[in-house]
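Enquirer: Before anything else, here's the structure in question.
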Amino acid sequence: MLNEEVHVNEVLKKYPSATREDLLDILHDIQESDPHHYLSDAALSDVAAHLGMDLADIKGTASFYSMFSFSPRGKHVIRICDSPPCQLLGATTILQKLIDVLGIAVGETTSDGLFTLETASCLGVCGVAPAMMIDQETYGNLTPTRIAEIIEQIRREDEAS
Amino acid sequence: MKEILIRIDGKEVAAPAGSTILEVAQQQGIPIPTLCHLDGLSDIGGCRMCIVDVDGKIVTSCTTKIAAGMEVITNNDRLAELRRLNLELIFAERNHVCSMCVSNNHCELQDLACDLGMQNVEVPYAYPRLSLDATHPKFIIDHNRCILCGRCVRVCAEIEGAHVWGIAGRGSEARVITELGVDWGDAEKCTDCGKCVEVCPTGAIVEKGKATAEMVKHPELVTTLKERREND
Ligand code: SF4
Ligand code: SF4
Ligand code: FES
Ligand code: FES
């Protein structure tokens, strides 16, 4: 886990005089830079030491937010919206398509470690419902055909890199 | 200190500015039901049992400070009904089966149900499947009985200074945790002092090896401790 320590330390260096008010920013940064997009116990302990906070306090705060994960995830995190406007425009069909294409259930990671599938509440882009995000990118007006294309394209890009 | 005049249950009362409604009521010998409040700990307004009517608005008396001219009603039909419904929801959220609980007859939640005349729970029980952690050498935490009052969290942080407990997750997924969510027996900072046992109002945190008749708690120890420290 040497790798992990390095990326946590890099993030903490950016916040030399941080207080507990910086907690969420720091956690986002760490999760973002982690190859598995999650907050490990080791990372949380380092943050606690850095901010002079208690472990239970850090875990309590972080676990309030569904954006944070405490177990390793895939290289790309897919978050499909399951709020009513997207539901009305077929989010259930889109989710089913994702499940079929990826061969995993919600909350799982593909065996090649490339994708994790999650649901999310309204992504704020109801105008282009049904919508999803893959990492930081938003995809709207989804159809089952487009799902297959998007996933296929990311797979290809990944093989190429 | 500056005194403020308020009216509580029709009676004009003068109390120091900065007091909470609950404090004033207690000084006046007016009973208000409480669960998460404990004299000597900070208040979080978590359980909502201590609600009162202030000028037609329902507020938690443990966290609301008095203001000049305030008109407080501590009990009427509406308050009684809201408190009872709140209590039913607390019962229904976890697995409170008193006859099977080590804290039977020594439980603040059960006492409240009796005091407020809660005959039965009309909302459906959620029956969540929850765990019990007996890894600590002396104590047990049984999430089936936890009402998330947060007294354990506050006593451990504010009085013992060990900061072991926290509340993780949200809504119906919320649980008390020790440190990062490790087994209590592995919590490095726990001093085994037992303060969380004494303040836990239900059978959630209990001492190992105690029979039901012996599982009597002493939350007032914490109040006394706090008072002594303040007088030092
Ligand atoms: S026994 Fe004492 S130190 Fe340990 S969790 Fe309870 S209050 Fe905190
Ligand atoms: S364990 Fe006891 S003291 Fe702690 S939150 Fe649950 S009911 Fe309250
Ligand atoms: S409901 Fe799906 S983006 Fe708003
Ligand atoms: S005692 Fe006031 S909210 Fe719990």
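The values are calculated or read from the model by the stated rules, or taken from the named source; none is laboratory data. Model, not experiment: these values are computed from the prediction. Backbone-built Cβ (ideal geometry, glycine too); neighbour counts: all protein chains shown. For accessibility, only protein heavy atoms count, side chains too; no ligands or nucleic acids. Shrake-Rupley method; radii C 1.70, N 1.55, O 1.52, S 1.80 Å.
Enquirer: For the structure I just gave you, tell me whether A:Asp82 is of a type in the set (D, E, K, R), away from ligand 4 (no atom under 16 Å from the Cβ), within 17 Å of A:Asp158 (Cβ to Cβ) and not assigned by TED's automatic domain parsing to the domain that holds A:His28. Spell out the reasoning first.
Expert: On the way: of a type in the set (D, E, K, R): yes; away from ligand 4 (no atom under 16 Å from the Cβ): yes; within 17 Å of A:Asp158 (Cβ to Cβ): no; not assigned by TED's automatic domain parsing to the domain that holds A:His28: yes.
Here the answer is no, as A:Asp82 does not meet what is asked.
Enquirer: Right, another one. Collect the residues in the range A:137-153 that are outside any loop (DSSP other than H, G, I, E, B) and surrounded by fewer than 18 Cβ atoms within 10 Å (Cβ to Cβ), keeping them in residue-number order.
Expert: Within the range A:137-153, A:Glu137, A:Thr138, A:Pro144, A:Thr145, A:Arg146, A:Ala148, A:Glu149, A:Glu152, A:Gln153 meet the criteria.
Enquirer: Give me a count of the residues in the range B:50-92 that are closer than 18 Å to B:Glu12 by Cα and basic (Lys, Arg).
Expert: Of the residues in the range B:50-92, 1 are closer than 18 Å to B:Glu12 by Cα and basic (Lys, Arg).
Enquirer: Taking the range B:117-134, which residues are open to solvent by 40 Å² or more (accessible area, probe 1.4 Å) and in a loop (DSSP other than H, G, I, E, B)?
Expert: Result: B:Gln119, B:Asn120, B:Glu122, B:Pro124, B:Tyr125, B:Ala126, B:Tyr127, B:Arg129, B:Ser131, B:Ala134.
Enquirer: Something else about it: For the range B:195-213, enumerate the residues that are surrounded by fewer than 20 Cβ atoms within 10 Å (Cβ to Cβ) and touching a strand residue (DSSP E or B) at 6+ places or on another chain (Cβ under 7 Å).
Expert: B:Glu207, B:Lys208
Enquirer: Please enumerate the residues belonging to the range A:110-136 that are part of a loop (DSSP other than H, G, I, E, B), open to solvent by less than 50 Å² (accessible area, probe 1.4 Å) and within 16 Å of ligand 3 (Cβ to nearest atom).
Expert: A:Leu123, A:Val125, A:Ala129, A:Pro130, A:Ala131
Enquirer: Please go through the range A:40-57 and give me each residue that is facing another protein chain (nearest Cβ under 8 Å) and within 19 Å of the chain's Cα centre (by Cα), ordered by number.
Expert: So in the range A:40-57, the residues facing another protein chain (nearest Cβ under 8 Å) come out as A:41, A:44-45, A:54-57.
Result: A:Asp41, A:Leu44.
Enquirer: Also: Kindly indicate the residue of the range B:174-188 that is among the β-branched types (Val, Ile, Thr) and under 17 Å from A:Ser40 (Cβ atoms) and also surrounded by the most Cβ atoms within 10 Å (Cβ to Cβ) among those meeting that condition.
Expert: Among those that are among the β-branched types (Val, Ile, Thr) and under 17 Å from A:Ser40 (Cβ atoms), it is B:Ile177.
Enquirer: A further question follows. Can you tell me how many residues within the range B:53-97 are farther than 30 Å from B:Arg175 by Cα and assigned to a loop (DSSP other than H, G, I, E, B)?
Expert: Qualifying residue count for the region: 10.
Enquirer: Something else about it: Select from the range B:140-170 the residues that are part of a helix (DSSP H, G or I) and facing chain A (nearest Cβ under 10 Å) and write down the one among them that is surrounded by the fewest Cβ atoms within 10 Å (Cβ to Cβ).
Expert: B:Ala157
Enquirer: Under 9 Å between Cβ atoms, which residue pairs at least 6 apart in sequence (or on different chains) link something in the range B:153-177 that is of a type outside the set (Phe, Trp, Tyr) with a partner that is within 16 Å of ligand 3 (Cβ to nearest atom) and open to solvent by 50 Å² or more (accessible area, probe 1.4 Å)?
Expert: Note: pairs meeting the criteria are B:Arg170/A:Ser66.
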